[in-house]
Amino acid sequence: MTTGVPTPTSSRPRRSRLRTFLPLGVAVWLVLEIWLLTLVARATSGFTVFLLLVAGFVLGAAVIKRAGRRAFRNLSQTLQQAQGTAASPGESGRGNGLTMLGGLLLMIPGLISDAIGLLLLVPPVQKIVSRSAQGAFERKVRLATPGSVGDAFQQARMHRPDGKVVQGEVIRDESPSEPGGHYPPLNR
């Protein structure tokens with residue numbers, strides 16, 4: 001049974017480069033991690049590699065725990081300030097996400113992930129990564145296709161530069177006022 005509405009004949013959307021090359025990149029990364037671990041095991045011993053992996057896991061867990069506590073402390077201070085009570089100035093909440101990512105990379109078995117995780121624990125590296133990620137996100141929002149979430153953010157930014165929300169209601173007359181029974185067009 002047909003409804004008289006033509007079915008859209010759309011071609012498959014192009015697959016992004018990230019979705020194309022991410023599985024290949026992960027496979028190459030895993031092979032490199034295993035190869036590097038076997039090189040270290042040959043040069044030292046299997047027990048040394050085991051100790052490196054356990055030390056990375058313990059250090060990563062400690063880093064994640066510390067960053068989580070710091071994030072929780074910042075949240076409670078923010079809530080206290082919102083309630084009007086005086087809170088002591090503490091550490092800034094910046095970098096908790098990258099610190100947690102560094103801890104997670106330390107917990108993942110492998111020497112390459114450990115090196116990247118240790119780099120993410122260095123504050124100047126965190127600043128560089130944070131700025132580049134923020135710039136990439138803003139470019140994606142600016143270049144978003146019409147009708148997407150990024151377009152909605154862009155429209156909200158254009159129409160509400162001060163961030164205020166104005167409550168309103170649209171009232172439309174229920175009786176047609178034009179001859180022929182048609183409603184007048186809405187002016188925007």
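Nothing in this text is a laboratory measurement; each read-out follows from the coordinates by a stated rule. The shown structure was predicted, so the numbers you read here are calculated from the model rather than taken from an experiment. Every residue, glycine among them, receives a Cβ derived from its backbone with ideal geometry; neighbour counts consider all protein chains shown.
Observations on the model:
- Point-to-point label distance, ARG131-ARG66, nm (Cα→Cβ direction, 7 Å offset): 2.5
- Rounded FRET efficiency, nearest 0.05, which uses the C-beta distance separating ARG142 from ALA82 and R0 of 41 Å: 0.80
- Positive contributions from Lys and Arg (+1) and negative ones from Asp and Glu (-1), summed over other residues with Cβ under 15 Å from the Cβ of LEU111, come out at -1.
- Contour excess over end-to-end distance, with Cα ends at LEU39 and PHE57 and 0.36 nm allotted per residue: 4.5 nm
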